[in-house]
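The values are calculated or read from the model by the stated rules, or taken from the named source; none is laboratory data. From a predicted model like this one, the values you see are computed outputs, not experimental measurements. We place every Cβ from the backbone using ideal geometry, glycine too, and count neighbours over all the protein chains shown. In case anyone asks, the SASA skips ligands and DNA or RNA and just uses the protein heavy atoms, side chains included. Shrake-Rupley method; radii C 1.70, N 1.55, O 1.52, S 1.80 Å.
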Amino acid sequence: MSKPIKNNPWYWVPPLYLTEGMPYVLIITVSVIMYKNLGVSNADIGLYTSFLYLPWVIKPFWSPMVDLYSTKRKWFLWMQLVLSLAFLGVGLSLPTSQFFVISLAFFWLASFASATNDIASDGYYLLALKEEQQSFFIGLRSTFYRVAMVTGQGLFVIVAGYLEVKFGDNTKAWSLTMVMIAGLMFILTLINLLTTPNVEKAKDYVKAESLTFWKVFESFFTKKEIWIALAFVLLYRLGESQLVKMASPFLLDAREAGGLDLSTSEVGLIYGTFGIIALSIGGIVGGIVISRDGLGKWMLPMILALNVPNVFYYFLAYFQPESAFFAAVVVIIEQLGYGFGFSAFMMYLIYVSEGPSKTSHYAIATGFMAFGMMVPGMISGFIQEWLGYDGFFLWVVAAAIPGILMVKYIKYPYHYGKKRIN
């Protein structure tokens with residue numbers, strides 16, 4: 001075991017959240033692109049890949065285990081190793097005749113490991129950092145989480161697209177890509193082993209063990225106005241939960257089907273280069289302004305920044321421009337707004353999670369967040385096939401309105417997250 005290093009968040013926050021975001025995007029988003037290129041229908045893609053959200057929805061039921069047994073550091077290191085093996089299984093299963101069922105089974109294994117990794121990693125973050133540090137690093141944390149997501153949707157997809165052209169075989173291309181991803185996950189696990197310090201003390205276990213399984217849930221659901229807070233959590237990304245499932249199929253689909261007919265590599269380049277730059281800027285700026293001014297000043301502007309740019313997808317669907325330039329511009333605007341707007345959401349989840357067991361409470365809050373992503377995502381493919389892409393994107397914009405209206409009803413300290421000046 002390596003000697004613990006000084007607790008400097010600049011060392012461990014980036015790789016930890018890069019590793020947390022990578023499996024999520026592979027399971028939820030890249031699987032969509034992969035199955036699309038392997039001939040699976042939009043309806044099946046939307047339905048079955050949305051079921052993969054389920055472990056994130058139900059993770060509160062085993063989150064107390066992470067609080068009560070062993071250290072959070074050991075939990076996330078073991079789960080990251082399991083993820084490496086699960087993605088290897090996906091890659092090796094694709095050439096088989098039952099690739100859809102078998103690969104989905106490995107994605108299910110990866111989903112449970114990833115959800116548990118999230119519980120442990122987020123709990124570690126809450127334990128290792130003070131409140132003012134949490135608000136300052138929320139931008140860096142969110143940025144690297146989203147960097148991982150856009151890298152998955154960008155770099156990995158570019159690689160798969162290159163291999164599709166090189167081999168002339170989509171199955172072989174995606175199989176090799178998934179094997180390479182498994183290797184990368186193993187390397188990231190080693191990096192986290194070397195960079196994350198041992199911050200958990202014996203007194204933390206005494207406090208955790210004094211809680212019972214049901215007390216953890218009771219202390220969360222008896223919080224003041226918790227149901228209003230959870231309704232807001234469910235609605236915050238109602239539009240995006242559907243957009244994220246159909247954005248890539250829209251860019252890849254033939255023009256006669258309403259899409260833009262871009263290549264796999266073009267989609268990967270747009271998300272992996274321009275999107276990642278815009279997202280990084282948005283996320284870092286979001287964390288800085290919350291740390292400077294507090295959450296109250298920025299909640300409404302940030303939820304608007306996250307949702308309003310989605311209207312540009314409608315214009316893409318309506319005009320169907322031939323140049324990929326216009327798709328790139330829309331992705332840049334959307335990712336910039338998302339990076340900025342997601343900072344407020346993550347800070348609000350931290351506030352909702354305050355209590356005697358932050359790790360479990362945060363898992364419960366993010367479980368509701370995942371439920372708000374899963375159910376709309378499950379029906380997104382059917383809605384798109386019913387309304388067409390242009391009608392679907394108008395629906396996505398309309399679906400964001402309830403969450404925006406709820407901003408006036410939620411309560412939290414106006415200066416929550418503001419950096420204290422000594």
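Descriptive notes on the structure:
- When the chain is treated as a Gaussian network with alpha carbon springs shorter than 10 Å, the biggest mean-square fluctuation among Ile58, Ile226, Ile364 belongs to Ile226.
- Acute angle (nearest 10 degrees) that the helix 42-51 long axis makes with the longest principal axis of the chain, alpha-carbon atoms: 20 degrees
- Share of alpha-carbon pairs per 5 Å distance bin for region 1-88, given as whole %: 3, 10, 16, 20, 19, 13, 10, 5, 3, 1, 0
- Probe 1.4 Å, protein heavy atoms only - accessible area per residue of the chain in square angstrom: 40 Å²
- Equivalent ellipsoid, region 207-301 (semi-axes from 5 times Cα gyration tensor eigenvalues, Å): 38, 21, 15
- For region 39-149, alpha-carbon Rg over 2.2 N^0.38 Å: 1.24
- Carbon and sulfur %, accessible surface of the chain computed with the full protein complex present, 1.4 Å: 70 percent
- The chymotrypsin sites (Phe, Trp or Tyr not before Pro) found in region 334-422 that occupy coil by DSSP, while having at most 14 further C-beta atoms within 10 Å, are Tyr409, Tyr414.
- The Cα atoms of the chain cover 61, 47, 36 Å along the three principal axes, with the biggest extent listed first.
- Computed over the alpha-carbon pairs of region 316-422, the distance histogram in 5 Å steps reads 2, 9, 12, 18, 19, 14, 10, 8, 5, 2, 1, 0 percent, short to long.
- The Cα atoms of region 359-398 define a convex hull whose projected area, averaged across directions, is 3.1 nm².
- Gained length - Lys224 relative to Gln98, 0.36 nm times residue gap less alpha-carbon distance: 40.4 nm
- Fraction of the pair-distance distribution of region 290-357 above 14 Å, Cα-Cα pairs, percent: 64 percent
- Which listed pairs, of Lys36/Lys59; Lys59/Lys408; Lys59/Lys172; Lys223/Lys408; Lys215/Lys245, have C-alpha distances above 26 Å, in listed order: Lys36/Lys59; Lys59/Lys408; Lys59/Lys172; Lys215/Lys245
- Under the Debye formula (equal points on every Cα, no solvent term), log10 I(q)/I(0) of region 13-56 at q = 0.15, 0.23, 0.32, 0.33 Å⁻¹: -0.42, -0.76, -1.08, -1.11
- Region 246-375 - convex hull of the alpha-carbon atoms, volume per residue in Å³: 118 Å³
- Net charge of neighbours whose Cβ lies under 11 Å from the Cβ of Trp298, counting Lys and Arg as +1 and Asp and Glu as -1: +2
- In the chain, helices alone account for a calculated mean residue ellipticity at 222 nm of -25000 deg cm²/dmol, with every DSSP H run of four or more residues adding -39,500 (n - 2.57).
- Cα gyration tensor of region 321-377 - equivalent ellipsoid semi-axes, whole Å, descending: 33, 14, 6
- If you model region 48-113 as an ellipsoid using its alpha carbon gyration tensor, with each semi-axis the square root of five times an eigenvalue, the axes come out at 26, 15, 6 Å, biggest first.
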